[in-house]
Amino acid sequence: MQLINLKVFQDEILIREIKFKDGFNLITNCEDNGNQIGKSTALRVLNFCLGSDGKSIWHDPESRTKNEAVEDLVTSGRVVFSLAIFVNEKNYNIKRRIHIVQQKNRTIIKTYSSINNDEYDTNGKFKAALAPILGFSISNPTYSSIKNRFVRLDKKTASNIYRYLNSNTSDQQYILYYSYLFGFSGHDDLASEINFGEEKSQRNDRISMLLNGRKEQDYKDRLSSIDDEIETLRNKEESFDFKDSQNKGVEKLKNTREKIAQITSEISKLNIRILYSQRTINGYMEKQSDIDADLIDKVYTEAKLLLPDIKKTLEDTIGFHKQVVSKKVNYLSEKIRDYHLSIDSFKNRLNGLLDEEKKLFSALVGESHLTGFVVIENEIQDKREERGRTSVIVDEVQHESSEIIILDGKIQELRERNKLQISQLNQHIAIFNKYLKSFTRAIFRDFSLSFNVGTKSDTNEIEFSIVNLERVSGDGAPRAAALAFDMAFIEFVKETGACFPAFTIQDYLEASDQDKLATLANLANENEIQVVVSVLKDKLASLSQEFIDENTVLTLKKSDKFFKID
């Protein structure tokens, strides 16, 4: 797949066109001051055409500043972005526009999209249609997580060769992403393994929360201690001296209080289950809300895609950017509702028994020597309530532990199966390394980088690494290495025929060494690797003016910004 051209229309009039070519595609400035003229904006428009929400077109995610004039224009509904791409011998024309719609109580941003005249009224539907064209998954891994390997527009991660997403992305997720990118035949098993691993981690977290810094045996010992205390109190109760006339009434009272104690214990258990379920939900929400602010809108889009019927707003769902966590929270919320219904039912029965208890006490209240008996009964009831609370913790820990044992078995079975298929993955990575070594040796001279995959000896867990990564030092070297990695992957796509984009879009290349950038630019042309970059003119000193002129696809200046407005 390659980019053909990008067109921008305002009121159906063409105001900007970029024609892309094989090799190096340069977007730069022609005057001394090349800042704030729309170089990065051009790349963000490309990204919008490939599925982003488009807000970065007017809101710079790095400086957190907003260009209100651009926002007003782009969201007016009058601007149409058109991207032509070529995939598998077929042309596709993507059109997108944004329109702010004023509703009764709020303002919403509507995005209208089409692919070869097939129209989509939400970003989720558009990405679901575009993903298979680009060779992407739509759910596991998510569309955006793979697209961002080809579109590097995040300054925070632009120089990260392997970890190209935000800091909240786990090692397990990267393993899944690279498994997908390199066409691992055991990818589905690996995805299941990682899901099981995440569930195991959540269950271990729940056990830690339940135990609250103590050992499981401490709670079991406390149960035995409570049982001993109840037995002692029972013996005192049995030895209590009643008058013959009181025996019948006291027996009724004991039976009634026995029932009250049982129901109170059940209510206590349910309340503690509600408490720990709510703590679990809070724990999920705290973890999931600890995300990069710039990703929040993307999170909501993914949530809408994964759960099409979701009714909650962005603010309601901000904490749930993983499908598995959303399901867990929903499940626990349902359980809490069930617990509350059960408590209401128990309380109705309890109220009737308490009324009966009052009547029995009234009949016996004149006998002062019964006070000791009542004290014993109250102590027994308190101990039963404590036992109920403690037993819930023990039961929950035992349940979570048994589920973890089951998960461990499933994970190990999947790892054993994937270990047998690792040779196929190594073959694909060997093709990729052929190019990665060549490109990185060209820029580093005395060493090269390579991608490595293997399984841990003790667990059979798949792991990836980059050989010689520690030797990539200096301010500009990591950014150049990241570009070399992305170019090598395009060569891998071309050689293997993988259904992935055969281009990369790159911003923030000013951070790379000028001579290394020049080397990679020449390699892109020599190998016809489609690289679209935004670079300030004064960072191109290592390239000849002839090369710059031949490979510049868009030149901007203060009097001719991308949208032709100030």
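The values are calculated or read from the model by the stated rules, or taken from the named source; none is laboratory data. This is a predicted model, so every value here is computed, not measured. Virtual Cβ from ideal backbone geometry, glycine too; neighbours counted across all protein chains shown.
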Working carefully through the options T459, T455, T440, find the one that is at pLDDT 95 or above and not assigned by TED's automatic domain parsing to the domain that holds E258. T440
K419 being surrounded by 14 or more Cβ atoms within 10 Å (Cβ to Cβ), at pLDDT 90 or above and not aliphatic (A, V, I, L, M): no
Is there a residue in the stretch 9-20 that is crowded, with 20+ Cβ neighbours inside 10 Å and polar (S, T, N, Q)? no
Can you find a residue that is over 30 Å from S63 (Cβ atoms) and surrounded by 17 or more Cβ atoms within 10 Å (Cβ to Cβ) anywhere in the stretch 153-163? no
Given (1) under 25 Å from L134 (Cβ atoms); (2) over 34 Å from the mean Cα position of the chain (by Cα), number of the condition L483 does not satisfy: (2)
So, in the stretch 352-370, exactly how many residues are out of contact with any helix residue (DSSP H, G or I) (no Cβ under 7 Å at 6 or more places or on another chain) and modelled with pLDDT under 65? 4
Kindly provide the set of residues from the stretch 492-523 that are over 15 Å from L3 (Cα atoms) and among the small types (G, A, S), ordered by number. G497, A498, A511, S512, A518, A521
Exactly one of (1) more than 30 Å from the chain's Cα centre (by Cα); (2) in contact (Cβ under 8 Å) with a residue 40 or more places away in the chain; (3) assigned to a loop (DSSP other than H, G, I, E, B) is unmet by G51. Its number? (1)
Step by step: first the residues of the stretch 21-32, then only those that are in contact with a strand residue (DSSP E or B) (Cβ under 8 Å, 6 or more places away or on another chain) and surrounded by fewer than 20 Cβ atoms within 10 Å (Cβ to Cβ), then the one that is farthest from S82 (Cα to Cα). Which residue is that? E31
Taking E385, is it at pLDDT 80 or above, surrounded by fewer than 13 Cβ atoms within 10 Å (Cβ to Cβ) and of a type outside the set (F, W, Y)? no
Keeping to the stretch 21-39, report how many residues are closer than 20 Å to V531 by Cα, part of a loop (DSSP other than H, G, I, E, B) and under 33 Å from the mean Cα position of the chain (by Cα). 1
Which helices (runs of 4 or more DSSP H) sit wholly inside the stretch 214-318 and have at least 1 residues that are modelled with pLDDT of 65 or more? 216-238, 244-289
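Please tell me if S201 is over 20 Å from the mean Cα position of the chain (by Cα) and of a type in the set (S, T, Y).
Against the criterion (over 20 Å from the mean Cα position of the chain (by Cα) and of a type in the set (S, T, Y)), S201 does not qualify.
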In the stretch 1-20, residue nearest to F563 (Cα to Cα) [restricted to those that are part of a loop (DSSP other than H, G, I, E, B) and hydrophobic (A, V, I, L, M, F, W, C)]: F20
Take the stretch 36-54 and flag every residue that is out of contact with any strand residue (DSSP E or B) (no Cβ under 8 Å at 6 or more places or on another chain) and at pLDDT below 95. Q36, G51, S52
Quick one: which strands (runs of 3 or more DSSP E) lie wholly within the stretch 89-191 and hold at least 2 residues that are among the polar types (S, T, N, Q) and in contact (Cβ under 8 Å) with a residue 12 or more places away in the chain? 90-102, 107-115
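Yes/no per residue for (1) without any contact (Cβ under 8 Å) to a residue 12 or more places away in the chain; (2) among the aliphatic types (A, V, I, L, M):
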site	(1), (2)
E193	no, no
Q202	no, no
L211	no, yes
D218	yes, no
Among the residues of the stretch 139-160, what is the count of those that are in contact with a Phe, Trp or Tyr (Cβ under 6 Å, 6 or more places away or on another chain) and more than 16 Å from L176 (Cα to Cα)? 3
Could you please give the count of residues in the stretch 456-508 that are part of a loop (DSSP other than H, G, I, E, B) and surrounded by 15 or more Cβ atoms within 10 Å (Cβ to Cβ)? 11
